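Only the coordinates and a few stated rules stand behind these numbers; no lab work does. In this text the structure is predicted, and so the values were computed from the model without any measurement. Backbone-built Cβ (ideal geometry, glycine too); neighbour counts: all protein chains shown.
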């Protein structure tokens, strides 16, 4: 019995090898890799391909943990603490990767420069800690563009009223000032709101961070001391405060995370929504959304410094430093992010991180007006993308900053006071961590 | 109006007030739960609709079908989670009860120094918040190599349930007069036989109530399970609920469907044993 | 081994399994975390476990205003929630006790919330109290009671209220079932006698039933104070301590510091302070329990 399965596996593998030409037959016979992968519907389709890699290389993959992103992060930290690092391959995320600098190995020695050149350069850059390439990006690239309800902009009455009040045409916004004007203009609480934003945890700090950049400032100085307690920082925070205090966002927005935001926009009660590419299909699907057919997407607006927001991140796979068979692990990781894998994964909507696959999805979307609009907007969005600050203390810093941002938004403190307090706390934290 | 009539009116009024209050109270208890059951049959657009849809337009088994479906179509290894939960909860309950019987008997029947200190010491172990205990426990378990096993979680749950079981069962043994057991021993029974024939039957109800509390605690526990389990081979249903959340989304309808599967067995069990539960607690309370 | 076991006094032999398992699962980990609270232990840097920094973490915690506010809020939540649960549980038990028909079904319904995993309760009430599409606001708006979107999870007072509501919803059953058990155990004779003597229902409740129920109430209090930290799951899902720390409790603070910030040494220092709080509540209710039993003459 065993022999026959083996035999059929090799026959299957031969034609596959002829196509990919990457590895020799049964290269990793008898190797078993333990993997910890991110679970969840949009990530799972790819894992069906693990079987192909197994039959191609003769290795075996054991998925020893499958959890959502935040639970996985907790698990990695516990593993580091307990030294239970017997596994080889782990899901990773560019915003979280720098927290565990010692956990993952540099992948550069296992890859050819030609192979690496096939990925989008900025994604590869965001996958590095220093010079160390700690992960290979999968087709799960995230940068936000601005979704809006089309019908609001086609209404002649609204156009006239808006022009009279604000002195310029009502078109999908290109600056954050315009977003603010239009959001206030459209709002009719409690039934309809101009916009909304993620209001807690890392999410609001990420939104604040990109706004600081768009206002011409930065979150940290080069030595990782806080730099957001500045004119630009106050302008950035004031944008959120202003939206909230004028009732242009739901009152609960400081308790919202991505799910509430996506559901809220899909419920048709929000005019403008800065959101991730993963929602594009959801918003335009009558099964899940009230505004299907009425959704437009444009590139994300710019701040007063003429810079567009563009906080971004991507998922990927990493190989642990303690892995006994790094060649095999690296082979699996590159297989899961190769052209075929990314083509499969991006077919359902997520953005790829390989040049050829980008071309492929754009060509594929031809004839589908909505999909083309989405891809164009996000392609433009990707050009302005920048990753989260690469310090091991990013997440810790967000936990110090976000309660203060919330305090300003809710009116407990002024923006200047809130940033003052947050900057002091971050400064103390960085000192304590020995950054300077 | 004569006094009788007034009296009767007052009686009816009181009765109506009682029924209305009871109805309102039961509604508040049931509604949030029934809302979950209802949501498990509705598409997400309807649950999150604004303006709200009060009378469901579409009811379907879609969430259940998806949950039992394949990987990538929203499938979740429900059967595995259910079995893990069942094995872990039942085994840990049985062990906790056995240890509880031994411990309860010791507290009820023997005098020794530091008895009440030991007793309170036991109880205090239960007061340690799971979130404070989970990491050190994880490190210890990882060193021993029992992470991601049924055994590890069973061990943790036994420890969690032992103090309360001892406490309840102790109360029951105390209400059996010492003379009764002694009489049995004089009649030629061994202490062991006396225990089985005289004391155990009386304590049965108390054991049942301790068991249901222990079972429900293990069945619903999350903080420790999320730390001590990793893969489908040991994840329990409360941890499985989180499979419906990902970085950006929560599949609320799907989560409700799994929740219903969690609630039903617990509900059936409770319905069956609740008679024992009440009489069990009755005696456990006054004697202790 | 067996001979050693035989030589033990029987009470110790009987208690041994319990002692062993509690030592292994609770005490050893707690000693480990006690030690780590004197180190700058960071999960992502395991070697930091071997650096001794004395009472640094404790000083840091003790001088942190945010920690003490969370401490105060936790005590507030415990006090309000436990008392509310007790009163509501008492009311519920009295209501159910009066019913003569279908009581078995009613009792099961009464215990319905006990079937819900705390983490599920968190998700459930997060959706129910959502300000935009949540059940409560939808109902209030449909009934014309308000035309506002009430921000249940954001407003300074309402956020705490929502959490207490969820916690009370989940745990009142425990009180109700224990008090109901107490009502069943009340001897009939004194009540009959009181009626003959012309006592009002309130008087006989106050002077006969209530003292009899007190042990049950304290048992419930003690049980609940033992595992009230289960509310962590609820709070973490509903608000995670936010917004602007308005609902920050010790447990959310510890969870975030320990797991998200990975600063386990500091988190364990906070943990120890919160364990003392739990011990205080537990011992307090045990004392009360014993006193009320003695008053009834049940303590041997």
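Odds and ends about this structure:
- Cα centroid of the stretch B:205-259 to Cα centroid of the stretch A:187-241, whole Å: 37 Å
- q = 0.10, 0.12, 0.13 Å⁻¹: log10 I(q)/I(0) that the Debye formula gives for the stretch C:65-296, counting C-alpha atoms only: -0.57, -0.78, -0.88
- Placing a label point 7 Å from the Cα of residue B:151 along the Cα-to-Cβ line, the residues of the stretch B:122-142 whose backbone N sits under 15 Å from it are B:141-142.
- Principal axis dimensions, the stretch B:1-113 - Cα atoms, whole angstrom, descending: 73, 66, 20
- For chain A, the pair-distance distribution built from all alpha carbon pairs, in bins 20 Å wide starting at 0, is 24, 53, 21, 2 percent.
- C-alpha center-to-center spacing [the stretch A:243-309, the stretch B:20-55] in angstrom: 27 Å
- Sequence-separation-based contact order of the stretch B:73-286, relative, with Cα cut under 8 Å and 6+ spacing, percent: 34 percent
- Relative contact order for the stretch C:65-296, counting Cα pairs under 8 Å that sit 6 or more residues apart, in percent: 27 percent
- The stretch C:72-207: Cα Rg divided by the 2.2 N^0.38 Å rule of thumb: 1.34
- Shielding score for C:253-259, defined as the mean number of other chain Cβ atoms within 10 Å: 5
- Going from the residue with the fewest nearby Cβ atoms within 10 Å to the one with the most, C:85, C:248 rank C:248, C:85.
- In chain C, the DSSP-assigned H stretches of four residues or longer account for a calculated mean residue ellipticity at 222 nm of -22000 deg cm²/dmol, using -39500 (n - 2.57) per stretch and the full residue count as denominator.
- GNM flexibility winner over chain B from B:239, B:24, B:120 (Cα, springs under 10 Å): B:24
- In this simple spin-label model, placing a label point 7 Å from the Cα along the Cα-to-Cβ direction at both residue B:60 and residue B:202 gives a separation of 6.1 nm.
- Candidates A:211, A:116, A:135, ranked by Gaussian network fluctuation over chain A, Cα under 10 Å, top entry: A:116
- For the protein assembly as shown, a Kirkwood hydrodynamic radius built from all Cα pairs, placed in the Stokes-Einstein relation at 20 °C and 1.002 mPa s, yields a translational diffusion coefficient of 69 µm²/s.
- Per-residue Cβ neighbour rank within 10 angstrom, fewest leading, C:48, B:165: C:48, B:165
- Shape box of chain B [Cα atoms, principal axes, largest first, Å]: 82, 74, 32
- Result for chain C in a Gaussian network model with C-alpha springs under 10 Å: among C:143, C:34, C:82, the largest mean-square fluctuation is at C:143.
- Binning the C-alpha pair distances of the stretch B:3-67 at 5 Å intervals from 0 yields a P(r) profile of 4, 14, 15, 14, 11, 9, 8, 7, 6, 6, 4, 2, 1, 0 %, listed from the shortest bin outward.
- Shielding of peptide B:25-38 by partners, expressed as the average count of other chain Cβ atoms within 10 Å per residue Cβ, is 5.
- With the cut-off at under 18 Å, measuring from each backbone N in the stretch C:61-85 to a point 7 Å along the Cα-to-Cβ line of residue A:424 picks out C:61-70.
- Sequence-distant contacts, meaning Cα pairs under 8 Å at least 6 residues apart, place the relative contact order of chain A at 23 percent.
- DSSP beta bridges in the protein assembly as shown [antiparallel fraction, %, rounded to 5]: 70 percent
- Surface/4 of the Cα convex hull for the stretch B:147-288, nm²: 10.8 nm²
- Look at C:259, C:58, A:436 and count the other Cβ atoms within 10 Å of each Cβ; fewest to most, that gives A:436, C:58, C:259.
- Centroid-to-centroid separation of the stretch A:77-150 and the stretch C:33-47 [C-alpha atoms, Å]: 27 Å
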